[in-house]
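Only one structure is covered here, and it is reproduced in the block below.
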């Protein structure tokens, strides 16, 4: 039988992978990370990295299945051509204000950087 030292918790794996706890749970749910459920907790084999590599090698040669409608599983095609959304006056004003605010911020950052470099040059 396997002992508890042969398994890791979700928190331990998250720490090892430097990932979020929820990301590890997502990886388990999508079968990217091998785990078994005991009660309310998941137990992940301590050799999970090797198991993930093996699974990736197995899946490397497989083709992705098409969706039910016969479309490719991965969208490689360009987005559909269509009419651009017309902005109403409020949206246009908002977009204009946003663009102006961004330009002001960039201008401020550039001037602050130049002032900093001038002060550094004077102190030398």
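General remarks:
- Length gained when the stretch residue 121-residue 38 is fully extended (0.36 nm per residue, less Cα-Cα span): 23.4 nm
- Length added when fully stretched, residue 107-residue 26, from 0.36 nm per residue minus Cα-Cα: 25.0 nm
- Protection proxy ranking for 106-114, 26-34, 7-15, using the average of other Cβ atoms within 10 Å per residue and placing the highest first: 7-15, 26-34, 106-114.
- Using 0.36 nm per residue and subtracting the Cα-Cα separation, the extra length available between residue 12 and residue 60 on full extension is 14.5 nm.
Rule-based calculations on the coordinates, nothing more; no lab input. Here the structure is a predicted model, which is why all the values come from computation and not from measurement. Because the Cβ atoms are built from the backbone with ideal geometry, glycine has one as well, and the counts that use them run over all protein chains shown.
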